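Report on the structure given below.
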Amino acid sequence: MKIGLVSSLSRPGGNATGVSLMTSTPETKRLGILQEVVPSAVVVGVLINPRYQEAQTQLSELQGAARSLGRTIPALQASNESDIDAAFATLVKERAGALIVTADPFLLGPRDRIVRLAAAHAVPTIYFSREFVQAGGLMSYGANIATGYRQVGVYTGRILRGEKPADLPVVVVGFGG
C-alpha cells in the first residue's frame, strides 16, 4: 500500500494482490523484547543497510522508541559484506550491550557471519527472521517467510483457477519468534 501497488489491503483493486511479510514494521517491538531480555543494555546497536528503502523509517522509529526508553541507538551501517566487520568493530567501540538486526533482504544473506560475530562479541541479538536463530542466533521476531511463500502458491493456484486478483485481499503473514 505504502508504495502504491494496491489501494488497500482488503480490496487491492486493479490487477494486483499478494502476500506481505511486513518485516520492517515491528522494529520497535524487537527493541521492546530486547529490553526485556537485557534490561541493563543502555546502548543498543542497530545493524542496518542504509541502501534499503525502509532504512530511514526503521532507524527513525527505533531512535524515537529508544529515547522514550532512555536508550542510545548507534546505527551500524552495512550495505555490503565487507561493512559487516566494520559495523561490529563500531558495536564494540560503542560498548553496546545488545544488538538489533533490522529487517532487510541483504542482511539475511550473510546471516551465518552476523550470528558468529554476535556470538564472538557476546552481544545478545534479536533478528528479524527465524533463519538467524536456525543459524545459532539468540532470538528473532518477524514474519514466517515459509508461510508467506506457501501463501503465494495458494494465491497463484486461485488465480489460475479464475479468481480475480482484485478480489483477493493482500495476506499479511503473522509474526512470531
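Counted as qualifying within the range 69-177 are the helices (runs of 4 or more DSSP H) with 3 or more residues that are touching a Leu at 6+ places or on another chain (Cβ under 9 Å), crowded, with 20+ Cβ neighbours inside 10 Å and in the same structural domain as Val43 (by TED's automatic domain parsing), namely 81-93, 111-120.
Checking the structure you have, find out if any residue of the range 149-172 is among the basic types (Lys, Arg) and closer than 24 Å to Leu91 by Cα. The answer is no; no qualifying residue exists.
The values are calculated or read from the model by the stated rules, or taken from the named source; none is laboratory data. Not measured: the values here are computed from a predicted model. Neighbour counts run over all protein chains shown; Cβ positions are idealised from the backbone, glycine included.
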